[in-house]
Structure formats: structure tokens, C-alpha cells
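Just below is one structure, and these are the notes that go with it.
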Amino acid sequence: MPRVKRGFKARSRRNKILKAAKGFRSGHSSQFTTARDFVDRAWQYEYRDRRNKKRDFRRLWIVRINAAARENGLTYSQFVGGLIKSGVTVDRKMLADLAVRDKIAFTQLAAMAK
């Protein structure tokens, strides 16, 4: 079998990991073996949190809508149920944005929901 020096492929594989580990502390950013472990863990967190971010934002929007709805004498469920019955199709992201930035428009929506 011919001799294989493994220069280019191995170096590029290592450099990819070390580049991803930039900013980690101590040997976690400079030693390949430890950097690989920490980069793998970071990629797992990254994958998981891309999904969790969607949950977290929906939860935040619901909290904001609920707070603004209660200022108008409604609970969150009464507000959303009233909007559905009145035929308003505005998603939670937009409702939360209205609740924070445009109180007058949100109050009009609350009146429609009542």
C-alpha cells in the first residue's frame, strides 16, 4: 500500500474545530482534543436551543398579550377567543408587538374581542 501523509484533510478537519472553538477559555480553544469535546457540546446546545427559542418567544408573546388584555378588562383566553369569533386573524407575534408599541390599536382589538 502507498504511504499516506494525511496532511491536508486532517489539518482542515482540525482547523474547522479550532475555528469553531474560538473564544472558548484556556485549552478549550487551542488544544484539539479538548476543543473537539467542547465544540461538540456547544453544537448540541445550539441545535437544542434553535427549537427552544420558538417556545420561549411564543411564551413571551403570550405574557405580553395577557398583560395588555388585563389592562382592558379581559383575560388572555377571553381576548384570543373573542378575536377568533370576530374573525380577526392576527398572530401572537403581531399582537404582542401591538401590545407594547401601539396601545390604542390593541385597545380597539380588545373592544372587538369583547
- Item | Helical mean residue ellipticity (222 nm; -39500 (n - 2.57) per DSSP H run of 4+; nearest 500) of the chain | -25000 deg cm²/dmol
- Task: Rank 104, 83, 18 by how far each Cα sits towards the positive end of the charge dipole of the chain (+1 on Lys, Arg Cβ; -1 on Asp, Glu Cβ) and give me just the farthest.
- Result: 18
- What residue among 28, 63, 7 has its Cα farthest toward the positive end of the dipole of the chain, where the charges are +1 on Lys, Arg and -1 on Asp, Glu, each on the Cβ? 7
- Long pairs among 9/54; 22/93; 22/53; 16/93, criterion Cα-Cα beyond 31 Å: 9/54; 22/93; 16/93
- By counting other Cβ atoms within 10 Å of each Cβ, how are 34, 89, 75 ranked from fewest to most? 89, 75, 34
- Note on the structure: Computed about the Cα centre, the charge dipole of the stretch 1-113 from +1 Lys/Arg and -1 Asp/Glu charges at the Cβ has a magnitude in debye, to the nearest 20, of 1280 debye
- Query: Using a ≥ b ≥ c from the Cα gyration tensor of the stretch 56-114 (square roots of the eigenvalues), is it rounded, prolate or oblate, where a/c under 1.5 gives rounded and otherwise the larger of a/b and b/c decides, a/b for prolate?
  - Reply: rounded
- Based on a Kirkwood Rh over C-alpha pairs, give the Stokes-Einstein translational diffusion coefficient of the chain at 37 °C and viscosity 0.692 mPa s in µm²/s. 181 µm²/s
- Note on the structure: Expected max-MSF residue from 29, 12, 86 in the GNM of the chain (alpha carbon, under 10 Å) is 12
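Values quoted throughout were computed directly from the atomic coordinates according to the rules given, and no laboratory measurement underlies them. Computed from a predicted structure; not experimentally measured. Don't worry about glycine lacking a Cβ; one is built from the backbone with ideal geometry, like all the others, and counts go over all protein chains shown.
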